[in-house]
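Written out below as structure tokens is the structure these notes cover.
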Amino acid sequence: MKITESDILNASILIVDDQESNVSLLERLLSEAGHTNVTSTMNPQEVCALHRKNCYDLILLDLQMPGMDGFQVIEALKTNATESYLPVLVITAQPGHKLRALQAGAKDFISKPFDLVEVRTRIHNMLEVRLLYKKLQNYSKELEQTVQERTAELRESEARFRSLTELASDWYWEQDEDGNFTKVSGPVLEMLGIQVSPLLGDAADIRTTGWNEQERAALQAAIAAREPFLDLVFSRSNPNGTQQRFQVSGEPMFSQSCRFIGYRGIGVELITKDSNAITS
């Protein structure tokens, strides 16, 4: 993130001073230094409206003015500022006013009578800081927008993934970090040997019978270890003497901060066509 000399010379500057000679001197000084976007006013009551309209990169503000002094201008600028950075460089002949102006919100000061080298240096340095601040602010907004767009894309991708997996399998399921089922499509809970109330959705510790406990233990061990598993096959013997075989795949889910948040997976029932062939 770099500020070029061209950026500084093209920055917008407002001169506020009730003395025409001071305005002319500052305008000439800035012009000779190569600044191309300089305006001025001798009416301090116009400053807020002008800044609201033009959002100046720097306001050169005289403190001693009739009707509305520089301190009042600073306070007024605070009320309509759309950002926290107040780009005010005060001009004063009173040493005691410097600290008060900084405490009020000004970023720097120029002493009268003018030291031209000091004036150029302070204006250059303050513009550089101001433009860096604006670039950082814009970058933060762009980054926030990018994050929002990527999040939306991820959610859309996740929705497509779920839709496709549901179409490509008999069951789609998700569990939270405590093992509670948060999404179920198809009879996956029965396949895993857990019955769930169809109304309340609360898992009950009621086990169906007939499962090959060794095969099911392998599935439960993989989940407990937070490991992915692919095409894990296990079977169940029904009370009528028939056999069922199931194939399930799953993967652990993690948040953006790499915290484990649960499991998701798919499953299919393997249908026996005859005693020698099993197809999905």
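The values are calculated or read from the model by the stated rules, or taken from the named source; none is laboratory data. It should be emphasised that the depicted structure is a prediction, and the values quoted were computed from it without experimental measurement. Ideal geometry is used to build each Cβ from the backbone, glycine not excepted, and the neighbour counts take in all protein chains shown. Accessible surface is based on the protein model in full, side chains and every heavy atom, while ligands, DNA and RNA are left aside. Shrake-Rupley method; radii C 1.70, N 1.55, O 1.52, S 1.80 Å.
General observations
- For region 211-226, the criterion of being at pLDDT 85 or above, surrounded by 14 or more Cβ atoms within 10 Å (Cβ to Cβ) and not small (Gly, Ala, Ser) is satisfied by at least one residue.
- Positions within region 75-99 being more than 22 Å from TYR133 (Cβ to Cβ) and touching a Leu at 6+ places or on another chain (Cβ under 9 Å), in sequence order: THR92, ALA93, GLN94, HIS97
- Some residue of region 48-67 being modelled with pLDDT under 90, part of a strand (DSSP E or B) and within 36 Å of the chain's Cα centre (by Cα): no
- Residue match in region 99-111 (condition: part of a strand (DSSP E or B), of a type in the set (Ser, Thr, Tyr), in contact with an Asp or Glu (Cβ under 9 Å, 6 or more places away or on another chain) and without any contact (Cβ under 8 Å) to a residue 24 or more places away in the chain): yes
- Of all residues in region 227-240, those satisfying the criterion of being within 20 Å of ILE271 (Cα to Cα) and open to solvent by 60 Å² or more (accessible area, probe 1.4 Å) are LEU230, ASP231, PRO239, ASN240.
- Whichever residue in region 100-123 is open to solvent by less than 60 Å² (accessible area, probe 1.4 Å) and of a type outside the set (Gly, Ala, Ser) and, among such residues, is farthest from THR4 (Cα to Cα): LYS112
- Test result for SER40, more than 40 Å from the chain's Cα centre (by Cα), polar (S, T, N, Q), modelled with pLDDT of 90 or more and more than 22 Å from ASN138 (Cβ to Cβ): no
- When region 44-84 is limited to residues that are in contact (Cβ under 8 Å) with a residue 60 or more places away in the chain and touching a Ser or Thr at 6+ places or on another chain (Cβ under 8 Å), the one that is surrounded by the fewest Cβ atoms within 10 Å (Cβ to Cβ) turns out to be ASP57.
- Of residues in region 157-179 being open to solvent by 80 Å² or more (accessible area, probe 1.4 Å) and at pLDDT 75 or above, the one farthest from LEU230 (Cα to Cα): ASP178
- Hits in region 23-37 (condition: within 39 Å of the chain's Cα centre (by Cα) and open to solvent by 60 Å² or more (accessible area, probe 1.4 Å)): THR36, ASN37
- Residue count for region 1-22 under the criterion of being surrounded by 14 or more Cβ atoms within 10 Å (Cβ to Cβ) and part of a helix (DSSP H, G or I): the result is 4.
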